[in-house]
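The values are calculated or read from the model by the stated rules, or taken from the named source; none is laboratory data. Since the model is a prediction, treat every value here as computed from it, not as a measurement. Cβ: placed from backbone, ideal geometry, glycine included. Neighbour counts: every protein chain shown. Protein only, heavy atoms only, side chains kept; ligands, DNA and RNA dropped before computing areas. Shrake-Rupley method; radii C 1.70, N 1.55, O 1.52, S 1.80 Å.
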Amino acid sequence: QIYFSVSYSQLYDQPTGITKSNFSYALSGGFIKDIILNKSGTIAIAGGIGLGYDFFNHELKVDEIEGITVFTNDITASKNIFKSFNLEFPVEIRWRTSTAKKYNFWRIYTGVKFLYNLDNSFQYIDTNSKRFNYRKVSSYNKLQYGLTISAGYDAFTMNVFYGLTPVFKNSLLNGKVLDTKILKFGLIFYFL
């Protein structure tokens, strides 16, 4: 199967003083293969590979200064965004009501998705209208993972990704651990 998803995204477990992100989104697509576990074909495991793009409009200010990532909660920065481009590796347990002749069916797919970051960028404009842009920041957590669940009927399938690993590794803001994670919810489409 080929899959494509579009999601509304939020950052959660944000540090004190940083409100949740503004309108943000994610797109992903790839290939996933079933291995059927019973004769009726209603239970399967699946694994796949894909590409994902995340766009976050947020309030956490990120600077990369001489190979060190510096975080501040300067909310005066405008157009404060970060983008990431990832390889995705979904692994799922699948249940559905399909048969060999029935193509409209209920489905519940749950599992884990691993993300390997290929590129990331952080951009903002300061109060003097100066633009800052940092790519491949050193503290970005290149390997992340989270729980997934997809449920729906026929072509309409809701999808949720609940990140379990922080976006940043070994990072502090005002002396406290920066534990920001990603939550996505939206629609996923499967094509045979």
Round to a whole angstrom and tell me the spacing of the C-alpha centers of region 140-176 and region 50-69.
15
Quick check: residue separation of I45 and S121 times 0.36 nm, minus the Cα distance between them. What number comes out in nm?
23.9 nm
Starting from the 7 Å offset along Cα-to-Cβ, what nm value, one decimal, do you get for the label separation of D179 and I149?
2.2
Structure-derived mean projected area of the Cα convex hull in nm² - corresponding label in (i) 22.1; (ii) 12.0; (iii) 11.0:
(iii)
Nearby aspartates and glutamates by direct alpha-carbon distance to K169 (threshold 19 angstrom, same-chain neighbours under 8 apart not counted)
D13, D54, E59, D63, E64, E66, D119, D179
With springs only between Cα atoms under 10 Å apart, run a GNM on the chain and tell me which of K142, K39, K176 wobbles the most.
K39
Considering only DSSP states other than H, G, I, E and B, which GluC sites (Glu not before Pro) in region 7-85 qualify as loop sites with at most 16 other Cβ atoms within 10 Å?
E66
Count, lysine Cα pairs under 24 Å in region 68-140, 8 or more residues apart or across chains:
6
Gaussian network model of the chain, Cα springs within a sub-10 Å range: biggest mean-square fluctuation belongs to which of I65, I93, I108?
I65
Residue-span extension gain [S98 to K33] - 0.36 nm each, minus C-alpha spacing:
21.8 nm
All aspartates and glutamates inside 12 Å of K33 as judged from Cα atoms, apart from same-chain residues fewer than 8 positions distant:
E92
Give me the accessible area per residue for region 101-191, probe 1.4 Å, as a whole number in Å².
56
In debye, nearest 20: dipole of region 48-113 around its Cα centre with unit charges on the Cβ of K, R (+) and D, E (-)?
900
Using a Förster distance of 35 angstrom, determine the FRET efficiency expected from the C-beta separation of L164 and I81, and round it to 0.05.
0.90
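Report the relative contact order of region 1-101, percent, no decimals, based on alpha-carbon pairs under 8 angstrom and at least 6 residues apart. Show your work: numbers first, answer last.
Numbers: 206 pairs, mean separation 27.3, N = 101.
Taking the mean separation of contacting Cα pairs over the length of region 1-101, I get 27 percent.
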Residues meeting the amide H criterion for Y12 (H placed from the backbone, H to H distance under 5 Å, 5 or more places apart or on another chain) are K181, I182, L183
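Nothing charged except the Cβ atoms of Lys and Arg (+1) and of Asp and Glu (-1): what's the magnitude of the dipole of the chain about its Cα centre? Round to the nearest 20 debye. Mind dumping the intermediate values first?
On the way: 21 positive and 14 negative charges, 122 e Å.
Roughly 580 debye, rounded to the nearest 20.
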Output the peptides 177-185, 133-141 sorted from most to least packed, where packing is the average of other Cβ atoms within 10 Å over each peptide's residues.
177-185, 133-141
